[in-house]
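**Student:** Questions regarding the structure given below will be posed in turn.
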Amino acid sequence: DAGITQSPRHKVTETGTPVTLRCHQTENHRYMYWYRQDPGHGLRLIHYSYGVKDTDKGEVSDGYSVSRSKTEDFLLTLESATSSQTSVYFCAISAPSGGQQTQYFGPGTRLLVL
Amino acid sequence: RKEVEQDPGPFNVPEGATVAFNCTYSNSASQSFFWYRQDCRKEPKLLMSVYSSGNEDGRFTAQLNRASQYISLLIRDSKLSDSATYLCVVVNSGYSTLTFGKGTMLLVSP
């Protein structure tokens, strides 16, 4: 258990509304990530953070923004949700395993945009 | 060529069978390799790292061939609880940026 929680776990919203997803970790990890997972595409990186106020874009960042004002919280915002953003969103942290850095995931948020 | 490619699934096997999954990656500079397991409607979970010398964890054996850019996962004596999707994962650069394969589904039947 990597001490990662996500909220909300499920959300239904309407096209055009803003949505913020929260990722919270309790173990002071420096790196945090947001992914989306869709059938046929696998896991794709949206944004990541390498410290407080330090973030960068991933593979599918269009339509998303992030913020990290505290080490423990990494927020993902959909400024104006679209149906194409219906997905399962996973947060992850980077931690060592067997001498290598890898990632551990939160339980996910299922988002439906109508 | 896609960055990480895996066998298409699903693999349907009986309990007790041995099953092998394969994965190829395109970036010869890739640094680290992992297998993750994902149960239906759950998050991916680290199954095991993959080392050049090969490594074993109980019924699971992972192999890496850097020259061929090929990774494998062997599961012996399959259990019903092994039913899941197995994700091949490659680390290419700094900041621990992972690239995931699309996964291979395994269904173990009684």
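**Student:** Residues that are over 15 Å from B:Thr97 (Cα atoms): find the strands (runs of 3 or more DSSP E) completely inside region A:17-61 holding 3 or more of those.
**Tutor:** Values: elements: A:19-25, A:32-38, A:42-51, A:54-57.
Once the strands (runs of 3 or more DSSP E) in region A:17-61 are filtered for at least 3 residues that are over 15 Å from B:Thr97 (Cα atoms), what remains is A:19-25.
**Student:** A follow-up question, please. Please verify whether A:Leu43 is more than 30 Å from B:Asn55 (Cα to Cα) and buried (at least 19 other Cβ atoms within 10 Å of the Cβ), treating the condition exactly as stated. Can you show your working first?
**Tutor:** Details: more than 30 Å from B:Asn55 (Cα to Cα): no; buried (at least 19 other Cβ atoms within 10 Å of the Cβ): yes.
So A:Leu43 does not fit the description; no.
**Student:** I'm told A:Arg68 meets every condition in (1) at pLDDT 95 or above; (2) assigned to a loop (DSSP other than H, G, I, E, B); (3) closer than 29 Å to B:Phe33 by Cβ; (4) not β-branched (Val, Ile, Thr) except one. Can you identify the failing condition by its number?
**Tutor:** All conditions are met except number (2).
**Student:** Tell me, yes or no, whether region A:20-27 has at least one residue that is under 24 Å from B:Trp35 (Cα atoms), more than 14 Å from chain B (Cβ to nearest Cβ) and loosely packed, with under 14 Cβ neighbours inside 10 Å.
**Tutor:** Yes, region A:20-27 contains at least one residue that is under 24 Å from B:Trp35 (Cα atoms), more than 14 Å from chain B (Cβ to nearest Cβ) and loosely packed, with under 14 Cβ neighbours inside 10 Å.
Quick grid of which residues meet (1) surrounded by fewer than 19 Cβ atoms within 10 Å (Cβ to Cβ); (2) closer than 23 Å to B:Pro44 by Cβ; (3) touching a helix residue (DSSP H, G or I) at 6+ places or on another chain (Cβ under 9 Å); (4) away from chain B (no Cβ under 14 Å):
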residue: A:Arg9; (1), (2), (3), (4): yes, yes, no, no
residue: A:Arg36; (1), (2), (3), (4): no, yes, yes, no
residue: A:His47; (1), (2), (3), (4): no, yes, no, no
residue: A:Gly58; (1), (2), (3), (4): yes, yes, no, no
residue: A:Ser67; (1), (2), (3), (4): yes, no, no, yes
residue: A:Ser80; (1), (2), (3), (4): yes, no, no, yes
residue: A:Thr86; (1), (2), (3), (4): yes, yes, no, yes
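**Student:** For the structure I just gave you, tell me whether B:Leu106 is surrounded by fewer than 19 Cβ atoms within 10 Å (Cβ to Cβ), at pLDDT 95 or above and farther than 22 Å from A:Glu59 by Cα. Steps first, answer last, please.
**Tutor:** Values: surrounded by fewer than 19 Cβ atoms within 10 Å (Cβ to Cβ): no; at pLDDT 95 or above: yes; farther than 22 Å from A:Glu59 by Cα: yes.
The answer is no for B:Leu106.
**Student:** Is at least one residue of region B:59-66 surrounded by 14 or more Cβ atoms within 10 Å (Cβ to Cβ) and outside any strand (DSSP E or B)? I'd like the intermediate steps shown before the answer.
**Tutor:** Step one: of region B:59-66, the residues surrounded by 14 or more Cβ atoms within 10 Å (Cβ to Cβ) are B:60-64.
Narrowing further to those that are outside any strand (DSSP E or B): none.
No, region B:59-66 contains no residue that is surrounded by 14 or more Cβ atoms within 10 Å (Cβ to Cβ) and outside any strand (DSSP E or B).
**Student:** For region B:15-27, state whether one or more residues are exposed (fewer than 14 other Cβ atoms within 10 Å of the Cβ) and in a strand (DSSP E or B).
**Tutor:** At the first step, the residues of region B:15-27 found to be exposed (fewer than 14 other Cβ atoms within 10 Å of the Cβ) are B:15-16, B:18, B:20.
Cutting the leftovers down to in a strand (DSSP E or B) gives us B:20.
Yes - at least one qualifying residue is present in region B:15-27.
**Student:** Related question: Are there any pairs, at least 6 apart or on different chains, whose C-beta atoms fall under 8 Å, with the first in region A:97-114 and at the interface with chain B (Cβ under 7 Å from one of its Cβ atoms) and the second acidic (Asp, Glu) and surrounded by 14 or more Cβ atoms within 10 Å (Cβ to Cβ), and if so, which?
**Tutor:** As it stands, the answer is A:Phe105/B:Glu43; A:Gly106/B:Glu43; A:Pro107/B:Glu43; A:Gly108/B:Glu43, since those pairs meet every condition given.
**Student:** List pairs: first in region B:21-50 and without any contact (Cβ under 8 Å) to a residue 12 or more places away in the chain, second part of a loop (DSSP other than H, G, I, E, B), Cβ under 7 Å, 6+ apart or cross-chain?
**Tutor:** Within 7 Å, the pairs are B:Glu43/A:Gly106; B:Glu43/A:Pro107; B:Glu43/A:Gly108.
**Student:** Looking only at region B:86-101, decide whether some residue is more than 9 Å from chain A (Cβ to nearest Cβ), loosely packed, with under 14 Cβ neighbours inside 10 Å and modelled with pLDDT of 95 or more.
**Tutor:** No - not one qualifying residue is present in region B:86-101.
The values are calculated or read from the model by the stated rules, or taken from the named source; none is laboratory data. Quick caveat: nothing in here was measured; it's all calculated off a predicted structure. With ideal geometry, Cβ positions are generated from the backbone for all residues, glycine too; neighbour counts draw on all protein chains shown.
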